[in-house]
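Step one of this worksheet: look at the structure below.
The values are calculated or read from the model by the stated rules, or taken from the named source; none is laboratory data. For clarity, every value in this text was computed on a predicted model and none was experimentally measured. A quick note on method: Cβ atoms are made from the backbone with ideal geometry, for glycine too, and the neighbour counts reach across all protein chains shown.
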Amino acid sequence: MKKIALGLTTVALSLSAAISHAGDVEVLHYWTSGGEAASVEVLKQEMVSAGHNWRDFAVAGGGGESAMTVLKSRAIAGNPPTAAQIKGPTIQEWGDLGFLSNLDSVAKAGNWDSLLPDVVSNAMKYEGHYVAAPVNVHRVNWMWANPEVFKKAGASIPTTWEQFIVEAKKIKAAGFTPLAHGGQAWQDATLFESIAMAQGSKFYNDAFVELSEQTLRSDEMISVFDTFKQLRDLVDPGFSGRDWNIATSMVINGDAAIQIMGDWAKGEFTAAGKQPGIDYVCYPAPGTSGSFSFNIDFLAMFNVKEAGQQAAQQDLARLILEPKFQETFNLNKGSIPARLNMPRDQFDSCAHSSMDAFLASSSTGDLVPSMAHGMAANSMVQGAIYDVVTNFFNSPSMTSQEAVDKLARAIKASM
Ligand code: GAL
């Protein structure tokens, strides 16, 4: 009896040593699809193994619009979570409001300055201080295709948007849905952005980063809208409001041929046990093979009062940059690690091609921030673009000329 009691005391002592800095982390995110949930589970397990208590605050809704609404109301109520999945210019907006906590000491100890590409580390600093930790780099300009459907329809993988429309018509004639799409503003914007990228990186940056009125009203932009409208005939009648992962499952099941979507879609193929190059193929979106539209997921850290929570928050930031986490999370998520010089052997051919394109495009000026995923412009401008793009896609009578006019006006009004 004595022995047992002693044993229990020893266990209790060693447990309390392990969790002497234990604390709660409440993490707000919108990773709720199969592949996404598997990815976030990796982080949860890491935190639990480090002795912390994970409180999951998942707000469903691809692209994160609903999550951002919830985050705002929690912050206004004076009760923000420990960490939230936010990115790009939005991190700056939260920094301006004084909500974010300083991670400089974790960053220094972990040597983040030399581990991360500039494009990543610049986005996660507010006034020169680290306030967020990056879990990945997503490439947005991807095309996911079911080779079996292509074969049955006698169609070839398109490399330009003109060819896309020709091949898609063959697929439609063969009785399949050419383009798996979900009619939600952020998905419309994702498609639109990939079409715009095919006009070149200078055009893309002038339009969505510089917000140049001349570019927004240009003939090239009119032709982007023209192509976009043609794709409206290539989706199925049930597309309205559909979630992105349901659209991915249409390609997985062989009901549809193609989805234009960032590589979180690969997470769905992986979760369904599908192999790249066999069950599905990945190609850059037409006309964008040399470019890379980047979308980096960060967990930004919010000011928390209690010492245990602060310690847990610093630990969360540290663990996110660990090579093991970066590898496992990204194998599930479909993205590539945010850290440089990670071993590549566990990753598949789509990830290799993303890694190569990331490096190559960084030196050619073709690494561009995703407008649709909040990396290019602030949330007001992004919202203005979403509105025009979605209205246009769903308004048969709106001309491309009217659309560019609305786009230029809406952006000007939101700047
Ligand atoms: C993106 C986000 C990805 C993925 C996707 C669908 O904006 O960066 O991590 O979750 O939305 O929700």
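Number of residues in region 77-110 that are of a type in the set (A, V, I, L, M), in a helix (DSSP H, G or I) and surrounded by fewer than 17 Cβ atoms within 10 Å (Cβ to Cβ): the value is 1.
Is it the case, given these coordinates, that Ala360 is in contact (Cβ under 8 Å) with a residue 60 or more places away in the chain, surrounded by 14 or more Cβ atoms within 10 Å (Cβ to Cβ) and in a loop (DSSP other than H, G, I, E, B)? When the stated conditions are applied, Ala360 does not pass them. Within the span defined as region 317-326, one or more residues are in contact with a helix residue (DSSP H, G or I) (Cβ under 6 Å, 6 or more places away or on another chain) and either of a type outside the set (A, V, I, L, M, F, W, C) or modelled with pLDDT under 95 (or both).
Does Gly63 satisfy being within 15 Å of the ligand (Cβ to nearest atom), under 30 Å from Ala189 (Cα atoms) and in a helix (DSSP H, G or I)? Full working, then the answer.
Numbers: within 15 Å of the ligand (Cβ to nearest atom): yes; under 30 Å from Ala189 (Cα atoms): yes; in a helix (DSSP H, G or I): yes.
For Gly63, the condition - within 15 Å of the ligand (Cβ to nearest atom), under 30 Å from Ala189 (Cα atoms) and in a helix (DSSP H, G or I) - is met.
From the set of residues in region 218-246 that are among the β-branched types (Val, Ile, Thr), in a helix (DSSP H, G or I) and out of contact with any Gly (no Cβ under 7 Å at 6 or more places or on another chain), which is farthest from the ligand (Cβ to nearest atom)? Looking at residues that are among the β-branched types (Val, Ile, Thr), in a helix (DSSP H, G or I) and out of contact with any Gly (no Cβ under 7 Å at 6 or more places or on another chain), I get Ile222.
When the residues of region 325-343 are narrowed to those that are of a type outside the set (Lys, Arg) and more than 16 Å from the ligand (Cβ to nearest atom), which ends up nearest to Glu36 (Cα to Cα)? Please lay out each step first, then the result.
Going residue by residue through region 325-343, those that are of a type outside the set (Lys, Arg) are 325-332, 334-338, 340-343.
Filter once more, keeping what is more than 16 Å from the ligand (Cβ to nearest atom): 327, 340-343.
Values: Glu327: 14, Leu340: 22, Asn341: 24, Met342: 21, Pro343: 22 Å.
Looking at residues that are of a type outside the set (Lys, Arg) and more than 16 Å from the ligand (Cβ to nearest atom), I get Glu327.
Restricting the search to region 80-122, which residues are within 16 Å of the ligand (Cβ to nearest atom), touching a strand residue (DSSP E or B) at 6+ places or on another chain (Cβ under 7 Å) and closer than 22 Å to Val59 by Cβ? Matches in region 80-122: Ala83, Ala84, Gln85, Ile86, Lys87, Gly88, Ile91. Inside region 342-357, residues that are touching a residue at least 12 places away in the same chain (Cβ under 8 Å) and part of a loop (DSSP other than H, G, I, E, B) make up a count of 5.
Evaluated against (1) surrounded by 17 or more Cβ atoms within 10 Å (Cβ to Cβ); (2) under 28 Å from Ser105 (Cα atoms), Pro343 falls short on exactly one condition, (1).
The residues of region 47-60 that are of a type in the set (A, V, I, L, M, F, W, C), more than 16 Å from the ligand (Cβ to nearest atom) and surrounded by fewer than 16 Cβ atoms within 10 Å (Cβ to Cβ) amount to a single one, Val48.
Are any residues in region 383-395 out of contact with any Leu (no Cβ under 9 Å at 6 or more places or on another chain) and touching a residue at least 60 places away in the same chain (Cβ under 8 Å), and if so, which ones? Before the answer, list the steps.
The initial filter retains those residues of region 383-395 that are out of contact with any Leu (no Cβ under 9 Å at 6 or more places or on another chain), namely 383, 386-387, 390-391, 394-395.
Listed by number, the residues that qualify are Tyr386, Asp387, Thr390, Asn394.
Of the residues making up region 369-415, not one is over 24 Å from the mean Cα position of the chain (by Cα) and on the phi > 0 side of the Ramachandran plot. The conditions of being over 26 Å from Val27 (Cβ atoms), free of Cβ contacts under 8 Å to residues at least 12 places away in the same chain and outside any helix (DSSP H, G or I) are not met by Gly290.
For (1) free of Cβ contacts under 8 Å to residues at least 12 places away in the same chain; (2) surrounded by fewer than 21 Cβ atoms within 10 Å (Cβ to Cβ); (3) closer than 30 Å to Glu167 by Cα, each residue gets a yes or a no:
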| residue | (1), (2), (3) |
| --- | --- |
| Glu268 | no, no, yes |
| Ala272 | no, yes, yes |
| Asp279 | no, yes, yes |
| Ala285 | no, no, yes |
| Gln313 | no, no, no |
| Glu327 | no, yes, no |
| Asn330 | no, no, no |
| Ser335 | no, no, yes |
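Of the residues making up region 148-198, those that are assigned to a helix (DSSP H, G or I) and under 20 Å from the mean Cα position of the chain (by Cα) number 13. Counting just the residues of region 344-379 that are of a type in the set (A, V, I, L, M) and within 16 Å of the ligand (Cβ to nearest atom), which one comes out farthest from Leu211 (Cα to Cα)? In this case the residue turns out to be Ala351.
Is it the case that region 259-266 has a residue that's among the β-branched types (Val, Ile, Thr) and either in a loop (DSSP other than H, G, I, E, B) or buried (at least 17 other Cβ atoms within 10 Å of the Cβ) (or both)? Within region 259-266, one or more residues are among the β-branched types (Val, Ile, Thr) and either in a loop (DSSP other than H, G, I, E, B) or buried (at least 17 other Cβ atoms within 10 Å of the Cβ) (or both). One residue stands out in region 190-230 among those that are among the aromatic types (Phe, Trp, Tyr) and farther than 20 Å from Pro396 by Cα: the one that is surrounded by the fewest Cβ atoms within 10 Å (Cβ to Cβ), namely Phe203. The single condition among (1) within 16 Å of the ligand (Cβ to nearest atom); (2) of a type in the set (D, E, K, R); (3) within 30 Å of Ala133 (Cβ to Cβ); (4) assigned to a loop (DSSP other than H, G, I, E, B) that Lys305 does not satisfy is (1).
Tell me which residues, restricted to region 124-154, are within 24 Å of Phe302 (Cα to Cα) and either surrounded by fewer than 17 Cβ atoms within 10 Å (Cβ to Cβ) or at pLDDT below 95 (or both).
Filtering region 124-154 for residues within 24 Å of Phe302 (Cα to Cα) gives 124-138.
Residues satisfying the conditions are Glu127, Gly128, His129.
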